[in-house]
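S.K.: The structure's right below; bear with me while I get my questions together.
Since every read-out is calculated from the coordinates, none of them should be taken as a lab result. Since this is a predicted model, take the numbers as computed values, not measurements. Because the Cβ atoms are built from the backbone with ideal geometry, glycine has one as well, and the counts that use them run over all protein chains shown.
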Amino acid sequence: MSDPARLVLVADDHPDSRAVFRAILEHHGRSVLDVCDGEACLRVARERRPDVIVLDLRMPAITGWDVALHLKRDPVTAGIPLLAVTASAFPEDHARALEAGCSRVLVKPVGVRELLASVDELLG
């Protein structure tokens, strides 16, 4: 893995998903922040400027798609790579995430190796 000090922001409205992603990433040397909704994701992304964001697409109020659009339009956060995660297997949902600015889309349940490889790829 690359620099373990890199910061990953996990945004997911399901506490179990956040806990699993956090445990995997921290076990493999990543620093992790997690938030439970799109509004908090936007705020924390601007304040902390994480190196990558793991973003659930189906969150209430502000969806992951909308979060991605906001992040990519903001000069402060536009360069942060986005890894979309979703329970949806619909190709149109994946295409919409990529159009909104996500670099990759993973389908839940996400495997450990798949998550780590995707995060590392986005970190460069």
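S.K.: Sum -39500 (n - 2.57) across every DSSP H segment of at least 4 residues in the chain, then divide by the residue count to get the 222 nm mean residue ellipticity, nearest 500.
M.R.: Values: 5 runs with 56 residues, N = 124.
For the chain, the value works out to -13500 deg cm²/dmol.
S.K.: Something else about it: If you average the sequence gap of Cα pairs under 8 Å that are 6 or more apart and divide by the length of the stretch 68-115, what percent do you get for the contact order? Mind showing how you got there, number by number?
M.R.: Values: 50 pairs, mean separation 19.7, N = 48.
Once divided by the residue count of the stretch 68-115, the mean separation gives 41 percent.
S.K.: Can I ask one more? With 10 angstrom as the radius, rank Val35, Val8 by how many other C-beta atoms surround their C-beta, starting from the fewest. The partial results should precede the final answer.
M.R.: Details: Val35 20, Val8 23.
Ascending number of Cβ neighbours within 10 Å: Val35, Val8.
S.K.: Additional query: Rank the residues Ser118, Ser88 as a footprinting-exposure proxy: fewest other Cβ atoms within 10 Å of their Cβ go first.
M.R.: Result, fewest neighbours first: Ser88, Ser118.
S.K.: Moving on. Running a GNM on the chain with Cα contacts under 10 Å, which residue among Val85, Val20, Val44 ends up with the highest mean-square fluctuation?
M.R.: Val20
S.K.: Out of these labelled values of Rg and Dmax of the Cα atoms in Å, (1) 12.8, 35; (2) 14.1, 45; (3) 19.4, 64, which was calculated from the coordinates shown here?
M.R.: (1)
S.K.: Relative contact order for the chain using alpha-carbon pairs under 8 Å, separation at least 6, rounded to a whole percent?
M.R.: Details: 213 pairs, mean separation 29.0, N = 124.
Answer for the chain is 23 percent.
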